[in-house]
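For reference, the structure is listed below as C-alpha cells.
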Amino acid sequence: MAYLEKIQVYLKEQGWEYRYSEEDGCGSIDFDYRGVPYHIWEFDEGERGVETNLRHGGRQEEFYGDYETALIALMEEWKQN
C-alpha cells in the first residue's frame, strides 16, 4: 500500500517530478515547484497527519484529518498566481 496516494496522483497529473519514500508506515514526498523545494512528511503519533512547508515555503505546518485534500487545494492555489 502506498501512502499519500491522492497527492501522488495529483503530482503525476501535473507532470511534476517528485521523490517518494516510506518509513514506519508513513509516506514522504519531496518535489520542487518553480525552483522552491517542498516536502510532505506523514506521521502517526496517535493521530495521523503531515508536516509540510507547502503554504509558507520555509516554515513547517502540520495538517490533520483529510490532509491530502487540504494540501491539494493549496497546490491548486499556486496555479492561480
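Brief remarks on what is shown
- Per-residue ³J(HN,Hα) for region 27-43, Karplus 6.51 cos²θ - 1.76 cosθ + 1.60, θ = phi - 60°, Hz, x for Gly and Pro: x, 9, 10, 10, 7, 10, 9, 6, x, 10, x, 10, 8, 9, 10, 7, 9
- Magnitude of the charge dipole, the chain, Cβ model with Lys/Arg +1 and Asp/Glu -1, debye to 20: 480
- 0 to 90° range, to nearest 10: angle between helix 67-80 axis and the chain longest Cα axis: 10
- Length gained on full extension, residue 30 to residue 73, computed as 0.36 nm times the residue gap minus the Cα-Cα distance: 13.7 nm.
- Fraction of accessible area attributable to carbon and sulfur, the chain (%, probe 1.4 Å): 45
- For the pair residue 9 and residue 55, label points projected 7 Å from Cα toward Cβ lie 2.5 nm apart.
- Of interest is the spacing of the C-alpha centroids, which for region 3-21 and region 60-79 amounts to 13 Å.
The values are calculated or read from the model by the stated rules, or taken from the named source; none is laboratory data. Fair warning: this is a prediction, and the values are worked out from it, not measured in the lab. Cβ sites come from the backbone with ideal geometry, for glycine too, and all protein chains shown count toward neighbours. Just so you know, the surface numbers come from the protein's heavy atoms only, side chains and all, with ligands and any DNA or RNA stripped out. Shrake-Rupley method; radii C 1.70, N 1.55, O 1.52, S 1.80 Å.
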